[in-house]
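Shown next, in structure tokens, is the structure this report addresses.
The values are calculated or read from the model by the stated rules, or taken from the named source; none is laboratory data. Computed from a prediction, not measured in an experiment: that's the story for all the values here. All Cβ positions, even for glycine, are placed from backbone atoms using ideal geometry, and neighbour counts span all protein chains on display. These area figures cover heavy atoms from the full protein model, side chains too; ligands, DNA and RNA do not enter into them. Shrake-Rupley method; radii C 1.70, N 1.55, O 1.52, S 1.80 Å.
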Amino acid sequence: MNPLAGEWVLVSPHRALRPWQGQVDKIATERQPEYDPTCYLCPGNARAGGVHNPAYTGTFVFENDFAALKPNVPHERVDIDGKGLLVAEGEPGSCRVMCFSPRHDLTLATMTVPEIEVVVRTWTAQFEELCALPQIQHVQIFENRGAMMGASNPHPHCQIWSTASIPVVPSRELACQQAYLAEHQGCLLCEYLELERRQQVRLVCENAGFVALVPYWAVWPFEILICSARHAGTLPEFTGDEASQLADILKRVTSTYNKVFEVPFPYSMGFHQSPCDGNPHPEWHFHAHFYPPLLRSATIRKFMVGFEMLGTPQRDITAEIAAERLRGLCAEL
């Protein structure tokens with residue numbers, strides 16, 4: 001049971017032994033140069049829309065040239081015939097791209113902790129800036145790493161989308177955390193972390209500020225949940241030491257991933273922070289989700305199809321087995 005989403009997960013570890021004659025992906029082995037003159041994210045290069053990037057030397061943030069969200073969209077609702085069947089609403093917002101480094105060949109796994117800390121501080125500044133806008137209620141920072149996860153460019157970067165409403169997944173997490181607080185007079189993730197630390201079987205790594213673990217309800221084979229050790233809702237609430245500790249845990253998680261199959265590990269990662277809707281959110285606990293698709297090898301991934309799409313999410317190895325493997329690799333770093 002996933003208490004953050006109110007959903008069940010079917011666990012079938014014996015399925016990992018089934019024969020495989022399905023899709024086998026190619027291993028990403030091409031070595032990237034420090035600078036790529038054809039890359040639309042490298043310093044000084046022209047992007048697809050014709051705008052030239054500055055000769056940036058640290059992080060670099062710009063409005064996505066092909067943004068899914070626009071700030072000037074009217075926030076209006078349409079309900080044809082008033083029956084709630086054909087309903088649409090305008091969704092004002094913005095989509096920004098953030099480059100982690102001017103170097104084309106780096107990733108979070110290969111950057112230093114101080115370099116990642118600069119990234120964390122830029123995320124924090126972006127969150128504060130976007131949350132201050134009157135029409136914005138939610139800011140989603142996420143990274144798609146690797147072509148298998150839809151990344152259109154290998155240059156180290158993420159996206160920052162801000163929306164006038166709270167999206168479906170964080171809305172569900174908000175409702176579940178609020179319900180838990182009302183029923184138990186405590187924070188869902190604070191009490192969950194206490195249980196995990198007591199049992200020890202799903203922990204991967206931790207430092208003074210953050211804990212990385214394979215959640216009990218994990219769906220993806222090597223899924224990881226990062227939670228702040230202290231109850232906090234957003235990046236701006238962290239101290240300078242905690243910003244450095246977040247950089248450290250991100251480095252350790254992504255470096256560990258790369259050792260699972262000895263290849264650059266693909267994943268989608270995102271931070272879930274409390275809404276910026278002007279209301280207090282004592283229920284919300286800062287966390288990040290890592291969803292990597294690889295299952296058996298560097299070329300065989302987990303597909304979310306069939307029963308997973310039409311029925312209930314299903315995983316092929318237990319959270320405990322995945323955590324044991326990741327924990328061992330993390331200890332080797």
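For the chain, DSSP calls about 95 percent of its internal beta bridges antiparallel. Amide H contacts for H272 (H built 1.01 Å from N in the peptide plane; partners 5 or more residues away or on another chain; cut-off under 5 Å): H287, A288, H289.
For the chain, the share of accessible area belonging to carbon and sulfur comes to 56 percent (1.4 Å probe, ligands and nucleic acids excluded). Dipole of the range 83-234 computed with +1 at Lys/Arg Cβ and -1 at Asp/Glu Cβ about the Cα centre; of N207, F100, G150, farthest Cα towards the positive end is G150.
Once the 1.4 Å probe is applied to the protein heavy atoms, the chain comes out at 48 Å² accessible per residue.
Evaluated over the chain, the count of Lys pairs having alpha-carbon atoms less than 29 Å apart is 7 (only pairs 8 or more residues apart or interchain).
Using the Cα gyration tensor of the range 271-333, with a ≥ b ≥ c the square roots of its eigenvalues, what is the shape: rounded (a/c below 1.5), prolate (a/b larger than b/c) or oblate (neither)? Verdict is oblate for the range 271-333.
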